[in-house]
Structure formats: structure tokens, C-alpha cells
1. Taking the simple approach of a point 7 Å from Cα along Cα-to-Cβ for both ILE103 and VAL90, what is their distance in nm?
2. Residue farthest toward the positive end of the dipole of the stretch 3-119, with Cβ of Lys/Arg at +1 and Asp/Glu at -1: which of TYR9, VAL96, LEU25?
3. Quick one: putting +1 on the C-beta of Lys and Arg, -1 on the C-beta of Asp and Glu, what dipole do you get for the chain around its Cα centre, in Debye to the nearest 20?
4. Find, among the trypsin sites (Lys or Arg not before Pro) in the stretch 1-74, those assigned to loop by DSSP (not H, G, I, E, B) with at most 12 other beta-carbon atoms within 10 angstrom.
5. For the chain, what is the Kirkwood hydrodynamic radius in Å, using each pair of distinct C-alpha atoms?
6. Please work out how many pairs of lysine residues in the chain are eight or more positions apart (or on different chains) and have Cα atoms closer than 12 angstrom.
7. Can you list residues from other chains, or at least 5 along the same chain, whose modelled amide H is less than 5 Å from the amide H of THR37?
8. Can you give the net charge of the other residues whose Cβ lies under 15 Å from the Cβ of LEU48, counting K and R as +1 and D and E as -1?
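Since every read-out is calculated from the coordinates, none of them should be taken as a lab result. Fair warning: this is a prediction, and the values are worked out from it, not measured in the lab. Counting neighbours? That spans all protein chains shown, and the Cβs are built from the backbone with ideal geometry, glycine included.
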Amino acid sequence: MGPEKKVLYIVQSLVAAYIVTGLLLCLLAFIVYQSNTGTKMANLGITLTYIFASILAGMIIGKKIGKRKFLWGFFVGVLYFAILTLISVVFQENTVIFSTERITALFLCIAGGTLGGMLAI
């Protein structure tokens, strides 16, 4: 399998993850708006969205590449987090890059991607 194919599979898995992220965050915003839950519930929903999207990306890349699935899932989890962070830095003023929440999100995205890679059939 050539490097062009691998890059294509990485892009496909990340696009799928971000589509799912967008849909789940819209659903979460609707639920939070309708139920007047606090920021703790919203933060939990965001974290679960990141984990689910990372698992999905890991499963897609693992299934497409087929070898060393967990490493490819790890890689996609890192990329997923890196792109989220980049978007935050570009669109949000005074973004703290190194915070406890960000480091936790990084490890959760890595763990989700790795798990997704291992679960890929």
C-alpha cells in the first residue's frame, strides 16, 4: 500500500470524525438549551463527543489499513486532537494551549483512537 493511499485513509477517517463531532455537538447544544443543564453537563458531553469521534476515526483507519491498527488509531487520535487545538487557537482569543483540560482531552483522544484501531475488524 502506497503512502498516497494511507494519506487518503487518514483524511477519510478524520473527515468522518469531524462530521460526527459536528452532528453530536449540535445535538448536545440542543439538549443543553432545552434542558437548561449547566456547563458541567455540556463539558461532559463535549468530552464524550471527542472520545466517540476518536474511536470512530481509529476504527476507520484500522479497518482500511489493516496492519498495526492500534498505531494508526493512535496517530489519528493525535491528529484529531491537534486539529481541534489548531481550530481553537485560530478562532478563539486567549486560548490556553497547555491546560489540564487540554492535556486530558489529548490523552482521551489518543486512547479513543487507539481503542478504535484495536476494535477495527
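1. Between ILE103 and VAL90, the simple spin-label model gives 2.7 nm.
2. TYR9
3. The dipole magnitude comes to about 540 debye.
4. Here the sparse-neighbourhood loop sites are LYS67, ARG68.
5. On the way: mean 1/r = 0.0681 Å⁻¹.
Taking the inverse mean of 1/r over all distinct Cα pairs, the chain comes out at 14.7 Å.
6. Lysine pairs satisfying the spacing and distance rule in the chain number 4.
7. Close amide H contacts, sequence-distant or interchain: none at all.
8. On the way: positive: LYS40; negative: GLU101.
Local charge sum for LEU48: 0.
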